[in-house]
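A short worksheet on the structure shown next.
The values are calculated or read from the model by the stated rules, or taken from the named source; none is laboratory data. A quick note: this is a predicted structure, and the numbers were derived from the prediction, not measured. Because the Cβ atoms are built from the backbone with ideal geometry, glycine has one as well, and the counts that use them run over all protein chains shown.
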Protein chains: 2
Amino acid sequence: MKDQSHSVEEILKKRVSMRQYAERDLSEEDIEWIIEGARRAPTAGGMMLYSIIAVKDPAKKLILSETCDHQPFIAKAPLVMIFVADYQRWFDYFQLSGVEEYCQKTGRKFKEPSEGDLFLACSDALIAAQNSVIAAEARGIASCYIGDIMENYEKHRELLNLPPWAFPIAMLCFGYYPETKRPDPRSRFDPKYFVYNEAYQRLSPDELREMFQEEENSFPKNNPFKAENAAQWIYARKAGSDFAAEMTRSIREALKSWQEKNNYKSE
Amino acid sequence: MKDQSHSVEEILKKRVSMRQYAERDLSEEDIEWIIEGARRAPTAGGMMLYSIIAVKDPAKKLILSETCDHQPFIAKAPLVMIFVADYQRWFDYFQLSGVEEYCQKTGRKFKEPSEGDLFLACSDALIAAQNSVIAAEARGIASCYIGDIMENYEKHRELLNLPPWAFPIAMLCFGYYPETKRPDPRSRFDPKYFVYNEAYQRLSPDELREMFQEEENSFPKNNPFKAENAAQWIYARKAGSDFAAEMTRSIREALKSWQEKNNYKSE
């Protein structure tokens, strides 16, 4: 077991999302440690409503680098892990164990996994993912989240062999930090803009202007989107982008499994 | 700044979800550190698509202890933090900055936050929440997730003054570890049952039986649910419970903001 050379404080303060890694594979011991990080995470009712798909196959990483909003660096990451919100395993166990008959006998409703189960499973998966990020950092392993794994649901379902109640909520690229100097952590908004006491407080126009002042000062005035302020620039690149529209389309498709009734009977 | 006495390894291995805390308030310095933990978490596109509502008011904690599946310990937690998936702030900023007019001028569609934005915001919020848990552990602060904050959406919306595009995805109770001996970490499934190489692998009946053997051995044979095996017992208490049904109902209600079009115009 390697010595932990970094304190939690250091890790939290210095971590940056890295899209470049040292060109060597992760050791098996380190991969097991990343998984152990996930495994020790808090989980709703101890149910561990998630699965991890570890991808090293170059061909598969290449496909993911395309389906996840065309980000070539994904193909170069030594390890890619997909965190899947997973109620399939439990539902299979329920079916195997006569839960349907039990429900009939005791006047209960036998329910397929539904939206509540999905959100709880997504929570489990993301909490585990972040625990694995922290575990990785402690061993000098950098990471980067790819939310775009939520896009192209049909393609990812086929590529990853996902059953109906398994939704890929997050992807993480892992690799050792490169020898080059680690970039400085990116800036964050001041807590006064996102931490509220006792109740949500909608920001006033003045507060919003103040909050986004840095963005307004630094966005590229000459940009291909013809955006005239930072909000327009960010809208064009993020909220209003093709990938955001695809994410919503894809999630609507994925949600169907969790909304329709009795589709398990036709499997 | 206090010295970090625990390594990451120790923290990940020894952390347990605690429902009992030392009977003293958290210091302001420690609360700021928990928030800093969240703030330094990875976030999609640097957008920080979440807010934190810090609740100390005893009356409000008492209400939450009822609305979150009747768990009295919540009222006794020195600090309760609600992690809100939040696109409202960005949407307000977009509206303030003429993004709608910009879209008309440049042939873009001006879109309200939708399902993709919700899932991305939930991811940001949960990743930040888990970072705050790790930050807390490093200072001897225990925590417990309450997924039940996803229930009773209408009540929580009113209690917490939530605007349409702010969904409470997770709640955390925080307090110093009590003087009593810390419980042992709870058991977890073996990685072979939830970590798959290259693609999802649905477990066979034999594998499922093996995976849940410990549950089958330890579930209370004499139980008020008349469950005859662990699957039936867990189904009755979790997946098939009243709180699970309420969670799905509540989420369906909350989802409406993210599905309907143009409701921002009527605000």
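Brief remarks on what is shown
- Members of region A:216-251 found to be more than 17 Å from the chain's Cα centre (by Cα) and among the charged types (D, E, K, R), listed by number: A:E216, A:K221, A:K226, A:E228, A:R237, A:D242, A:R249
- The conditions of being surrounded by fewer than 19 Cβ atoms within 10 Å (Cβ to Cβ) and among the small types (G, A, S) are met by B:G98.
- Options B:I53, B:I74, B:I63, B:I31; residue that is surrounded by 23 or more Cβ atoms within 10 Å (Cβ to Cβ), more than 9 Å from chain A (Cβ to nearest Cβ) and β-branched (V, I, T): B:I74
- Hits in region B:125-140 (condition: more than 7 Å from chain A (Cβ to nearest Cβ), farther than 20 Å from A:T43 by Cβ and in contact with a helix residue (DSSP H, G or I) (Cβ under 7 Å, 6 or more places away or on another chain)): B:R139
- Take the conditions (1) touching a His at 6+ places or on another chain (Cβ under 8 Å); (2) at pLDDT below 95; B:P168 misses just one of them, which is (2).
- For A:L120, the stated conditions do not hold, so it cannot be described as assigned to a helix (DSSP H, G or I), at pLDDT 95 or above and in contact with a Ser or Thr (Cβ under 7 Å, 6 or more places away or on another chain).
- Residues of region B:143-200 that turn out to be part of a strand (DSSP E or B), among the polar types (S, T, N, Q) and without any contact (Cβ under 8 Å) to a residue 24 or more places away in the chain, as a count: 1
- Filtered by the rule that a residue be within 19 Å of B:R108 (Cα to Cα), out of contact with any Ser or Thr (no Cβ under 6 Å at 6 or more places or on another chain) and surrounded by 11 or more Cβ atoms within 10 Å (Cβ to Cβ), region A:212-228 gives A:N223, A:F225, A:A227, A:E228.
- Screening region B:112-124 for residues that are more than 7 Å from chain A (Cβ to nearest Cβ) and buried (at least 24 other Cβ atoms within 10 Å of the Cβ) and picking the one that is nearest to A:A254 (Cα to Cα) gives B:L118.
- Applying the set (1) in contact with a strand residue (DSSP E or B) (Cβ under 6 Å, 6 or more places away or on another chain); (2) surrounded by fewer than 24 Cβ atoms within 10 Å (Cβ to Cβ) to B:K109 leaves exactly one unmet item: (1).
- Residue within region B:168-182 that is over 28 Å from A:L79 (Cβ atoms), at the interface with chain A (Cβ under 10 Å from one of its Cβ atoms) and buried (at least 19 other Cβ atoms within 10 Å of the Cβ) present: yes
- Flag if B:D148 is of a type in the set (D, E, K, R) and farther than 23 Å from B:K56 by Cβ: no
- Against the test of being free of Cβ contacts under 8 Å to residues at least 60 places away in the same chain and in a helix (DSSP H, G or I), the options A:E246, A:E207, A:E253 yield a single qualifying residue, A:E207.
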